[in-house]
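Novice: Let me give you the structure first, and then I'll get to my questions.
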Amino acid sequence: MRIVTTHTNTDFDALASMVACTSLYPGTVAILPSHIMPCVKAFLAIHQDLLRIQPRKQLDVDRVDSLIVVDANNWKRLDRMEELAQKDHLKIISWDHHMEGVTIQAGLEYREEVGATITLLLEEMERQDTPFTPMQATLFLLGIYDDTGGLTFTSATHRDARMVAFLLENGADLNIVAAYLSDTIDDLHSKVFSNMLTVARTIEMDGLNIGICAQPVKSGLTMLASLVSKYKDFKGLDAAFGIFITDHSKVMVIARSNSRGLDVGAVVRALGGGGHPAAGSAVVKGMALETVVERVEVLIQEVSQKDILAREIMSAPGRFVVDSALTMAQAKEIMENEKLNGVLVCDRQRFLGALSGETFMKAEKSFRMETSVKGFMKARVPVVTSGDSARKAIELMNLSDEGILPVVEDERVIGVLTRGNLILHIYNI
Ligand SMILES: [Mn+2]
């Protein structure tokens, strides 16, 4: 008898992977561990009959001669299967995305670092053209979304995203996915959130209040990022770090900051993650929770000390500036030749104002293109000084119609910040 089973406290990825194996390996009996996640239980309450799975307590281990293990790699995580570990000649196949802590030695091993185990199985099903129903597609999608936070965790890969597309093409129902994911996480989330409020500590640095909270969470728990955001707002913090260790001994660092706060993107990038000044995350492997917390604290110090300044990332002003003596028609020609969305008006180098593409349209409509640029320019536009931080510039760019921020010193334009400059900075290119 061949069985497929998975870890206790079964989540959607584990269940989906078991079900996929019953299709890929016909005749295989799926054995469901006794303890399953509440959200999975709610799903099974409706769908169980369609899935051909048996509870662990009905299994006679003596009859098993072939075992498939999905989404787990350790005998201890299975539901009373140690007996099988002693068996000679037991054929074992393993499908999993956990790279560490392997104690189940499989003859055939499909272990790759993707966001969800079901992704690996789906790729195989796609190759073999294995049929599945829309209901199964929905379960498979729950598996990917559950483990990757709807593809937002940094553990998600392009392969998971491809399989999401494949499932949507094949009838997966997002309404059902949303119902089971959102319904079920509320209890767990309020627990995590109240933990955040009690275990967190706040450090003060350069007038900024930065909250750090570290705690273990169930793997596959979605929406942690929005909890970190809520925690930041709730406590009125300038920046907040949620540091979570999952069952898989991965530490997830999720950071949020308001615009005048810390450049949290720089902190998580130093941990191997990614993000921009106001939001970012990283997954750290092989490090204890406390070590990651200490590392984050050191990085916060370092980052807050070396704010990137406007003058370090600005461009030369030349092509963005038109002389105040020009007409609208002349300025428009320059703007078009330079392919800009707006230009700055200067009297020699002295900054007077700015003209956006929209202003030129207005001038054209009212047949006033031969008027001086001074008659149309907007004098009150956002401006940065060379000592302002890139963070402030990113905030001000939201207010700029021209997409250019003049860098002004002693009333003179000494440089400009374009959206391009800021993008290069944010993505650290
Ligand atoms: Mn998984």
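The values are calculated or read from the model by the stated rules, or taken from the named source; none is laboratory data. These numbers were taken from a predicted model, which means no experiment stands behind them. Glycine also receives a Cβ, built like all others from the backbone with ideal geometry; neighbour counts cover every protein chain displayed. Areas reflect the complete protein model, heavy atoms only, side chains present, ligands, DNA and RNA absent. Shrake-Rupley method; radii C 1.70, N 1.55, O 1.52, S 1.80 Å.
Novice: Considering only A30, V303, L208, whose Cα is most displaced toward the positive end of the charge dipole of the chain, charges sitting on Cβ of Lys, Arg (+1) and Asp, Glu (-1)?
Specialist: With unit charges placed on the Cβ atoms, the residue in question is L208.
Novice: Taking Cα atoms, how many degrees apart are the long axis of helix 134-148 and the longest axis of the chain, rounded to 10 and kept between 0 and 90?
Specialist: Orientation of helix 134-148: about 60 degrees from the principal axis.
Novice: When only the heavy atoms of the protein chains count and the probe is 1.4 Å, how do Y231, Y145 rank by accessible area, highest first?
Specialist: From most accessible down to least: Y145, Y231.
Novice: Just read off the accessible area of I313 with the full protein assembly in place, 1.4 Å probe, to the nearest 10 Å².
Specialist: 30
Novice: Between exposed GluC sites (Glu not before Pro) in the chain, where DSSP calls loop and at most 14 other Cβ atoms lie within 10 Å, what's the longest gap? Before the final figure, lay out the partial values.
Specialist: Numbers: sites that count: E100, E113, E338, E370, E411.
The longest uninterrupted stretch comes out as 114-337.
Novice: Right, here's the next one. What number does segment 2-172 give for Rg over Rh if you use C-alpha atoms and the Kirkwood radius? Walk me through the numbers on the way to the answer.
Specialist: On the way: Rg = 14.9 Å, Rh = 15.9 Å.
Over the Cα atoms of segment 2-172, Rg/Rh equals 0.94.
Novice: I would also like to ask the following. What residue among A161, A325, A137 has the largest mean-square fluctuation in a Gaussian network model of the chain, using Cα springs under 10 Å?
Specialist: A325
Novice: Continuing with this model, one more query. Using a 1.4 angstrom probe and counting only protein chains, how large is the accessible area of W75 in Å², to 10?
Specialist: Surface open to solvent at W75 totals about 30 Å².
Novice: Which angle between 0 and 90 degrees, to the nearest 10, do you get for helix 289-305 versus the longest principal axis of the chain when only C-alpha atoms count?
Specialist: 10
Novice: For the chain, build the charge dipole from Cβ charges (+1 Lys, Arg; -1 Asp, Glu) around the Cα centre, then report which of A165, F241, L90 sits farthest towards its positive end.
Specialist: Going by the charge dipole, the pick is F241.
Novice: When the convex hull of the Cα atoms of the chain is projected onto a plane and the area is averaged over all directions, what value comes out in nm²? Walk me through the numbers on the way to the answer.
Specialist: Values: hull surface 102.2 nm².
One quarter of the hull surface, i.e. the mean projection, equals 25.5 nm².
Novice: Carbon and sulfur: what percent of segment 2-172's accessible surface (1.4 Å probe)? Don't jump to the answer; show the numbers that get you there.
Specialist: Details: 3670 of 7420 Å².
So the carbon and sulfur contribution to the accessible surface is 49 percent.
Novice: Tell me the accessible surface of S389 in square angstrom (1.4 angstrom probe, heavy atoms of protein chains only), to the nearest ten.
Specialist: 20
Novice: Working from Cα positions, state the angle (0 to 90°, nearest 10) between the long axis of helix 328-337 and the longest principal axis of the chain.
Specialist: Its long axis makes an angle of about 40 degrees.
Novice: What number comes out for accessible area per residue over the chain if the probe is 1.4 Å? Units Å², please. Don't skip to the end; give the middle numbers.
Specialist: Numbers: 20060 Å² over 429 residues.
Counting only protein heavy atoms, the per-residue value for the chain is 47 Å².
Novice: Now for a separate question. List the trypsin sites (Lys or Arg not before Pro) within segment 343-429 that DSSP assigns to loop and that have no more than 10 neighbouring Cβ atoms inside 10 Å. Present the calculation step by step, with values, prior to reporting the outcome.
Specialist: Working: sites: R348, R350, K362, K365, R368, K374, K378, R380, R391, K392, R412, R419; in loops: R348, R368, R380.
In loop regions of segment 343-429 (DSSP not H, G, I, E or B), the sparsely surrounded trypsin sites (Lys or Arg not before Pro) are R348, R380.
Novice: Also, I was wondering about something else. Tally up the carbon and sulfur contribution to the accessible surface of segment 185-306 as a whole percent, 1.4 Å probe, everything protein left in place. Display every interim value, and only then the final one.
Specialist: On the way: 2660 of 5150 Å².
Summing carbon and sulfur atoms, their accessible area is 52 percent of the total for segment 185-306.
Novice: In percent, how large is the relative contact order of segment 2-172, given Cα pairs closer than 8 Å and 6 or more residues apart? Don't jump to the answer; show the numbers that get you there.
Specialist: Details: 314 pairs, mean separation 41.3, N = 171.
With pairs under 8 Å counted, the relative contact order is 24 percent.
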